[in-house]
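Note sheet for the following structure.
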Amino acid sequence: MTDKKTIYLDNSATTQVHPEIKDTILPYLEDLYGNPSSIHAKGQEVKKTIDNARKQVADLIGAKETEIIFTGSGTEANNLALKGIASKNKNKGNHIITTRIEHKSILNSARWLETEGFKVTYLNVDENGTVDINQLKEEIRPETILVSVMFANNEMGTIQPIKEIGEFLKGKGIYFHTDAVQAAGKIKINLKELNIDLLTLSGHKIHGPKGIGALYIRKGTEIDPMIHGGGQEKNIRSGTENVPGIVGLGKAAEIANKNLESNIEHLTNLGKKLEKGIFKEIPDLILNGHPDNRIPGNVNISFKYVEGESIMLMLDCEGICVSTGSACTSKSLKPSYVLDAMGKEIVFMHGSIRFSIGTFNTEEEIDTVIKTLPTIIKKLRALSPIYNKD
Ligand code: PLP
């Protein structure tokens, strides 16, 4: 449990493990240590639990349990989706389409594939962070084998038009992958109503353990393994299973599914309260991302004239954990590639803070943040050389 003083508003980075999940995992670190590949009873009791976890994960997204492959993380699932599809389908074509705002596990997999001879198109987004579907339509070529568009963005929360993209790709013989790491458990995902071939999930974003992910692979999808070995996970992802991780992800998916509606309501209410409170108390700021079509609980705000890093550190001193997209990479003065893709002015890009609210946050915590933040911004603006003090 988070200690009393900390107000943790960085749930898009990771979440605390749900106490119920901790209790579910523990026996698999104690007596239930069998190898699920073993034929004896000790192995088979664990195999049953893995099958159950597969069903729990499948149920969260409206898939069949036979279509779920456990991986070592969301990052690994994204690597497998892009590289596995590219490798298996290279005789059909060498063109992949993704977006400029994907998580690095997609962008860097795509860049690596470029070094292997694949051509990649990176789609633009508008000022709200929504992908340009017309550009997607124009960029399709006979050699296009895969489109990968994230369900919702980790930084500014915008939800992408996944249903429309799936509809458009139907019957074109192009695989459609979506990274749903930030969307799962926060919005309803029903694969029965969406034309998606591959979908990525991660345990630690939904109150499960770290180091466990899953890839939904629709039946009939042609994909090569990226990790070779003893043939576990239908020979698509070898390696003795991370049993406590899988059990934890399964339970996390079950809880997320059971509480989906109340969780959405809770995150939406606290998110709106925080956004309203900050806008009421502080001038010169903008909300980043789509005003409505965004992940509940994601509030990404740019404070003009100040550095996001300074705000983050001063909030940290008050026991409030948030994150910033303002840190410059060593090669560029542009802070966040996501805000850059949205065409934000540099003065706003530098002052961005992401508050990501989670299941365990309370109204009182949000009140404390609304009370604490104006003084911090005032202090930092007083020090800012670009702030007009008149
Ligand atoms: N995709 C998105 C959108 C994410 O936000 C993250 C984690 O931040 C990942 C993928 C990677 O997941 P993992 O931390 O399980 O590797």
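The values are calculated or read from the model by the stated rules, or taken from the named source; none is laboratory data. Because the structure is a prediction, the values reported are computed rather than measured. A quick note on method: Cβ atoms are made from the backbone with ideal geometry, for glycine too, and the neighbour counts reach across all protein chains shown. Protein only, heavy atoms only, side chains kept; ligands, DNA and RNA dropped before computing areas. Shrake-Rupley method; radii C 1.70, N 1.55, O 1.52, S 1.80 Å.
Brief remarks follow.
- Those residues of the range 87-133 which are small (Gly, Ala, Ser) and within 30 Å of GLY343 (Cβ to Cβ), in sequence order: SER105, SER109, ALA110, GLY129
- Taken over the range 66-120, the criterion of being farther than 24 Å from ASN154 by Cβ, of a type in the set (Ser, Thr, Tyr) and in contact (Cβ under 8 Å) with a residue 60 or more places away in the chain is satisfied by THR66, SER87.
- Tally of residues being of a type outside the set (A, V, I, L, M), more than 18 Å from ASP10 (Cα to Cα) and open to solvent by 10 Å² or more (accessible area, probe 1.4 Å) across the range 181-210: 6
- Candidates GLN44, GLN16, filtered to the one that is more than 18 Å from the chain's Cα centre (by Cα) and either under 28 Å from LEU267 (Cβ atoms) or away from the ligand (no atom under 16 Å from the Cβ) (or both): GLN44
- Test for THR66: is it within 16 Å of the ligand (Cβ to nearest atom), at pLDDT 95 or above and assigned by TED's automatic domain parsing to the domain that holds GLY157: no
- Of LEU339, LEU313, all but one fail to be surrounded by fewer than 24 Cβ atoms within 10 Å (Cβ to Cβ), of a type outside the set (Val, Ile, Thr) and either in a helix (DSSP H, G or I) or under 20 Å from the mean Cα position of the chain (by Cα) (or both); the exception is LEU313.
So that you can scan it fast, the table gives a plain yes or no per residue for (1) open to solvent by 20 Å² or more (accessible area, probe 1.4 Å); (2) within 24 Å of GLU76 (Cα to Cα); (3) not hydrophobic (A, V, I, L, M, F, W, C):
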{"position": "ILE212", "(1), (2), (3)": "no, yes, no"}
{"position": "PRO225", "(1), (2), (3)": "yes, yes, yes"}
{"position": "ILE246", "(1), (2), (3)": "no, yes, no"}
{"position": "LYS258", "(1), (2), (3)": "yes, no, yes"}
{"position": "LYS304", "(1), (2), (3)": "yes, no, yes"}
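- Whichever residue in the range 121-170 is out of contact with any strand residue (DSSP E or B) (no Cβ under 9 Å at 6 or more places or on another chain) and touching a residue at least 40 places away in the same chain (Cβ under 8 Å) and, among such residues, is nearest to ILE223 (Cα to Cα): ASP126
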